[in-house]
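Input: a single structure, listed below in structure tokens.
Quick note: the coordinates plus some simple rules give every number you see, no bench work behind them. Owing to the predicted nature of the structure, the values given are computational and were not obtained by experimental measurement. Cβ placement follows ideal geometry from the backbone for every residue including glycine, while neighbour counts extend to all protein chains displayed.
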Amino acid sequence: MARTVKNFVCQQCGSSFPRWMGRCDACGAWNSLIEEAAPESAPKGLGSKRGRKLEFVGLEGKSAQQPRTKTGIAEFDRVCGGGLVPGSAILVGGDPGIGKSTVLLQVAAALASGIGCAYISGEESIDQLRLRAARLGLAQAPVQLAAGNSVRDIVATLDSGECPGFVVIDSIQTMFVDSLDSAPGTVAQVRTSAQELIRLAKRKGFCLALVGHVTKEGLIAGPRVLEHMVDTVLYFEGERGHQFRILRAVKNRFGPGDEIGVFEMTDGGLTEVANPSALFLADRQGDVSGASVFAGMEGTRPVLVEIQSLIAPSALGTPRRAVVGWDNGRLAMLLAVLEARCGLAFAGADVYLNVAGGLRIQEPAADLAVAASVVSAISGVPVPPETVVFGEVGLAGEVRPVSHMETRLKEAGKLGFGRAILPADPGGKSKRSRSPVAASGLELDRVSRVEDIVRMFGPSRAAARTAPRTAERANNG
Ligand code: TYD
Ligand code: MG
């Protein structure tokens, strides 16, 4: 007699186990295993049936360039790598309430009169969608709305007759395939639903956008297992209290990854922010200690943001290290370098670090800007407001060169900054190092060690602050 096999699937990573556990062995998520219907049977192998012979071709050849469809929302087009590709699938992930439905409705409305759009919602009623459209001022756009959860119905609808060029499924967690026993939102359902929809998109040649919710751990719940199935993964981020929303391309088969689009959430929906640096720096307080401006790169675009830190005496045995917008481990590393190489002491002090505006920085190039901000916070010496900082810091305290130095400098020059603190030229005192100066018109302070930052803004500077400027100039070689 066949034994019923139990099957518990992690909702975070998709691994399956024969028994329930509190913690997934594969990804370490807690309480994420849910019992799902067991797979039909073990794979049977190929058997004796013959397959069809494949034909090999060369890398070069005549393939029709897929025309991209521009939405006209420049920030969205940029993240997609220059427009939507017919027959491709996009996954838009993000926290609930961040604006996924809003941006997709805006994109759908922008495309509706051109290639035709269908918006299928499993979460909201038609009335709610209409209300949102009215709020966005898009009620006139010829978007085809539908509410539904059954993938069978959706496939049947789209497969019959004329099919729109852009289809939004909001959200993939609410969709279900009736041939599976699992509940909607489980890994098996999410994966199968997405597979069916993507296959249809490829066959009919429409662009499919799937909305995927994210859990509090920051992973796309369930849809994490979708990331490899879709062509493009976009991730909506931003602090809920802030008005900025950042759409980040995490993966893109048709364009550069790590490109960002910046939006502002207003009463009339999401509006594009063409110059994010100016916006991120708009509320900057001038001459305060603990703040530095980082000249960063997001994809192909330079973005300047302010990094703020605060150091306060701690009442706790283990002082706090609170970070918003940067990596916790990276801050711990940098503090350790400053302690071990520069003799600064952070024991007994809480360290708070904040990237203003709600941006999440992932580049190691921010190390030096964070170091400047932390050192300035501990000494009380402000980093001059017209200065930008960038560079990677290694464990030995060395400052390493980073990519796109000239682009960063040019953007800083454009925004009126007069001075940059940046890594020393790897080629030593090479003549060529002057070229970025000419390009940006900035005064350059090249530093090779993190100690140089301490010399510029550290506690000894605080003591000598009344004395004429000396230490700072010494580094300008
Ligand atoms: P929504 O797109 O529904 O989020 P998601 O689909 O990611 O869950 O966005 C909802 C939030 O956006 C809600 O908190 C209200 C806000 N919002 C505005 O501020 N202005 C607007 O014009 C709209 C439509 C929404
Ligand atoms: Mg929504």
Extension gain, Asp181 back to Gln66 (0.36 nm per residue minus Cα-Cα distance, nm)
37.5 nm
What dipole magnitude, in Debye to the nearest 20, does region 147-270 give about its Cα centre under +1 on Lys/Arg Cβ and -1 on Asp/Glu Cβ?
320 debye
Counting only residues 5 or more apart in sequence or on a different chain, those whose built amide H sits under 5 Å from that of Leu304 are Ser277, Gly296
Relative contact order for the chain, counting Cα pairs under 8 Å that sit 6 or more residues apart, in percent:
11 percent
Lone cysteines, the chain (no partner Cβ under 4.7 Å):
Cys80, Cys117, Cys163, Cys207, Cys342
Name the longest site-free stretch of the chain, where the excluded sites are GluC sites (Glu not before Pro) in a DSSP loop with no more than 11 other beta-carbon atoms within 10 Å.
163-477
Just the number, please: percent antiparallel of the DSSP beta bridges in the chain, rounded to the nearest 5.
50 percent
Efficiency of FRET from Cβ geometry, Leu316 and Arg284, R₀ 25 Å, rounded to 0.05:
0.25
Long-range amide H partners of Arg23, meaning residues 5 or more apart or on another chain whose placed amide H is closer than 5 Å, are Asn31
With +1 assigned to the C-beta of every Lys and Arg and -1 to the C-beta of every Asp and Glu, and no other charges, what is the dipole magnitude of the chain about the Cα centre in debye, to the nearest 20?
1180 debye
Counting every C-alpha pair in region 280-367, the percent lying more than 21 Å apart is 33 percent
Relative contact order, percent, of region 61-186 when contacts are C-alpha pairs under 8 Å separated by at least 6 residues?
23 percent
By the C-alpha gyration tensor axes a ≥ b ≥ c (rounded if a/c is under 1.5, else prolate when a/b exceeds b/c, else oblate), the shape of region 222-371 is prolate
5 angstrom amide H check on Gly122, placed H, neighbours 5+ away
Gly148, Asp170, Ser171
Could you put Asp350, Asp181 in order, starting from the residue whose Cβ has the fewest other Cβ atoms within 10 Å?
Asp181, Asp350
Of the listed pairs Lys100/Lys204; Lys100/Lys414; Lys204/Lys251; Lys44/Lys204; Lys100/Lys202; Lys53/Lys251, those with alpha carbons more than 28 Å apart are Lys100/Lys414; Lys44/Lys204; Lys53/Lys251
Please list 3J(HN,Hα) in residue order for region 139-145, calculated via the Karplus relation 6.51 cos²θ - 1.76 cosθ + 1.60 where θ = phi - 60°; whole Hz, with x for glycine and proline.
4, 7, 5, x, 7, 8, 9
Find the relative contact order for region 155-195 and round it to a whole percent, using C-alpha pairs within less than 8 Å whose residues are 6+ positions apart.
29 percent
Any chance you could run the full-extension gain for Lys44 through Gln128? It's 0.36 nm times the residue separation minus the Cα-Cα distance, nm to one decimal.
25.5 nm
Hey, any idea what Rg/Rh is for region 152-201, computing Rh the Kirkwood way over Cα pairs?
0.97
Quarter of the Cα convex hull surface for the chain, i.e. its orientation-mean projected area (nm²):
30.5 nm²
Going by how many other Cβ atoms sit within 10 Å of their own, how do His242, His228 line up, fewest first?
His228, His242
Over 17 Å apart: what share of the alpha carbon pairs of region 86-139 falls there, rounded to a whole percent?
39 percent
